[in-house]
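**Q** Encoded as structure tokens, here's the structure I'll be asking about.
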Amino acid sequence: MTDNASKSPAANGQGQAMWGGRFSAKPAELMQAINVSIGFDKRLWAQDLAGSRAHARMLISQGVIASSDGEEILEGLAKIEDELATGTFPFRDEYEDIHMNIEARLRELIGPTAGRLHTARSRNDQVAVDFRLWVRDAADRSAAQLEALQKALLAQAETYADALMPGFTHLQPAQPVTFGHHLMAYVEMFGRDASRFKDARARMNECPLGAAALAGSPFPIDRHQTAASLGFDRPTANSLDSVSSRDFALEALSAASITATHLSRLAEEIVLWTTPMFGFIKLTDAFTTGSSIMPQKKNPDAAELIRAKVGRILGSLTTLTVVMKGLPLAYSKDMQEDKVPTFEAFDALELSLLAMAGMIADLTPNTEKMAAAAGAGFSTATDLADWLVRELNMPFRDAHHVTGSAVKAAETKGVDLSDLSLAEFQAIEPRITDGVYAVLTPAASAASRMSYGGTAPAQVRAQIARWKETLA
């Protein structure tokens, strides 16, 4: 997939080198092995046919080729599409890539007229438009799959908007929250992820077709026509940039890497929550596996595999970044290495998103165990400090000190804050009244967090309603 002056020879249907008479000998076997890309870029066949149809119709409308030749080309492309869709297309390594395979097959089907399709086009702009179309489709799929995951999270969050659980910082109990609130945090993260794919799509939605090898075309082509027919907003504005840039793929891979990081965080929590030590949730057999030696085991392997996928996806971003970092304008064969990491990253991301949505719908929380844990670690200590500020008009730093003394007293006795007697509280701060006990339960703590975006069930439900409207 390079410019016409730098390709290894490959015979077409007429026994001629596809790029003319410059070469008289066949490439070495090793050259063929390192050069051939049909093994992976065959995935671009639908995009290649779409680009070729758009180009052929434009050539006809501009009078660059005769209508009869153009219609014959379009009929031949339709036959090739049927072959590719039904798995009967004869892929051949000697034709190097998907573009040459399709062109060679078109010549076999309709004869020399097939050669007119490549007028005013290079494989450089051809692969650029094919790859851009593929990445655009991948970004659209990712955004849609993220929204499906958000809906799965919303359904569970709505059901368990009141269910208490411990909120953590440093993985230590911090303050009581609700399970619905916790899940809604991921709805927000995945919403930003979806928006990143949509932003990337908007920037990549320019059509490089017609840039030719690197300098544009002397033929009277209409790039706006081909751009519109392929669903692009406009043609790219610089022919050098058109064929040599892959930042659209880098941006999509960056969005994929951030998404995978968020998926990994949620997967880690699922792994923790399913352990007997936490026991917060259960997964069915659908998303767990057993052990070959320990019959009691029920392992959250789906979550563990999702947790690991970020390595592959981030690795793909790093791979393509390194490929592109030192390339002079315009096209270099290095850029053939853009496909495999991008394909692999989006394959991994799609599987992860689908599996995570399935797991979220599958899980059942143990609300009793979560509620019991919600009060652990003196998680209502901040509520005590806030009560001292509100009721006794105490500066927060002083309230913080008093609360710390109360926690120390409870810890010494081996009890919760709510188990301290009023006399014990008043020994620390004489102005404390029995009204303090109203704020020392996890339920009261969570219900009091009514600030916008807080964990109070009423606030959680408000955010759920907002997101349901957004996703509708």
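**Q** Using only the alpha carbon atoms of segment 228-354, find the Kirkwood hydrodynamic radius as the inverse mean reciprocal pair distance, in angstroms to one decimal.
**A** One over the average 1/r among Cα pairs gives 17.2 Å for segment 228-354.
**Q** Expressed in nm to one decimal, what extension gain is obtained for the pair residue 321 and residue 434 from 0.36 nm per residue of sequence separation less their Cα-Cα distance?
**A** Length difference between fully extended and current span is 34.4 nm.
**Q** Another question about this same structure. Modelled label-to-label distance, residue 108 and residue 188, 7 Å Cα→beta-carbon offset: nm?
**A** Between residue 108 and residue 188, the simple spin-label model gives 5.8 nm.
**Q** Helix check for the chain. Which DSSP H runs span at least 30 Å along their own axis by Cα, with a mean Kyte-Doolittle hydropathy no less than -0.5?
**A** 123-159, 179-204, 247-273, 301-324, 339-362
**Q** Taking every DSSP beta bridge with both residues inside the chain, roughly what % is antiparallel (nearest 5)?
**A** Looking only at bridges with both residues in the chain, the antiparallel portion is about 85 percent.
**Q** Taking 7 Å along the Cα-to-C-beta vector as the label spot, tell me the residue 444-residue 88 distance in nanometres, rounded to one decimal.
**A** 7.8
**Q** What's the magnitude of the charge dipole for segment 376-471 around its Cα centre, counting Lys and Arg as +1 and Asp and Glu as -1 at the beta-carbon? Answer in Debye, nearest 20.
**A** For this selection, approximately 440 debye.
**Q** Per residue of the chain, what 222 nm ellipticity follows from adding -39500 (n - 2.57) for every DSSP H run with n ≥ 4, rounded to the nearest 500?
**A** -19500 deg cm²/dmol
**Q** Lys and Arg at +1, Asp and Glu at -1: add these up for the other residues within a Cβ distance under 15 Å of residue 413 and post the number.
**A** My count for the surroundings of residue 413 gives -3.
**Q** Please give the Cα centre distance for segment 253-332 versus segment 111-166, rounded to the nearest Å.
**A** A separation of 20 Å, based on Cα centres.
**Q** If you roll a 1.4 angstrom probe over the protein chains with everything in place, what fraction of the accessible area of segment 303-455 belongs to carbon and sulfur, to the nearest %?
**A** About 57 percent, which is the carbon plus sulfur part of the accessible surface.
**Q** Sorted from largest down, give the three principal axis spans of the alpha carbons of segment 376-471, whole angstrom values.
**A** 53, 29, 20
**Q** How far is the Cα center of segment 210-250 from the Cα center of segment 389-440, in Å?
**A** One Cα centre to the other: 70 Å.
**Q** Carbon-plus-sulfur fraction of the accessible area of segment 166-292, 1.4 Å probe, in percent?
**A** Roughly 56 percent of what the probe reaches on segment 166-292 is carbon or sulfur.
**Q** If each residue of separation counts as 0.36 nm, what is the full-extension length gain between residue 466 and residue 334 once their alpha-carbon separation is subtracted?
**A** 42.9 nm
**Q** Please give the charge dipole size of the chain, origin at the Cα centre, charges +1 on K and R Cβ atoms and -1 on D and E Cβ atoms. Round to the nearest 20 debye.
**A** Roughly 440 debye for the chain.
**Q** Also: I need to check one value: relative contact order of the chain, counting alpha carbon pairs closer than 8 Å and at least 6 residues apart, in percent.
**A** 17
**Q** Go through 151/309; 309/333; 42/333; 309/339; 151/298 and tell me which ones have a Cα-Cα distance over 24 Å in this structure.
**A** Going by Cα-Cα distance, 309/333; 151/298 fall outside the 24 Å limit.
**Q** Tell me the per residue accessible area of the chain using a 1.4 Å probe; a whole number in Å² is fine.
**A** 45
**Q** Taking a virtual spin label 7 Å from the Cα of residue 401 along the C-beta vector, which residues in segment 414-434 bring their backbone nitrogen under 15 Å of it?
**A** 428-430
**Q** I need the chymotrypsin sites (Phe, Trp or Tyr not before Pro) found in segment 136-220, filtered to DSSP loop residues with at most 13 other beta carbons within 10 Å of theirs.
**A** none
**Q** Give the Rg (one decimal place) followed by the Dmax (whole number) of segment 325-407, computed from C-alpha coordinates and expressed in Å.
**A** Just the Cα atoms of segment 325-407 yield Rg and Dmax of 27.2, 73 Å.
**Q** Over 18 Å apart: what share of the alpha carbon pairs of segment 29-116 falls there, rounded to a whole percent?
**A** Counting every Cα pair in segment 29-116, those more than 18 Å apart make up 44 percent.
**Q** Filter the chymotrypsin sites (Phe, Trp or Tyr not before Pro) in segment 375-429 down to the DSSP loop ones having no more than 14 other Cβ atoms within 10 Å, then list what survives.
**A** none
The values are calculated or read from the model by the stated rules, or taken from the named source; none is laboratory data. None of these values were measured; they are calculated from a predicted model. We place every Cβ from the backbone using ideal geometry, glycine too, and count neighbours over all the protein chains shown. Please note that ligands, DNA and RNA were not included when accessible areas were found on the heavy atoms of the full protein model with its side chains. Shrake-Rupley method; radii C 1.70, N 1.55, O 1.52, S 1.80 Å.
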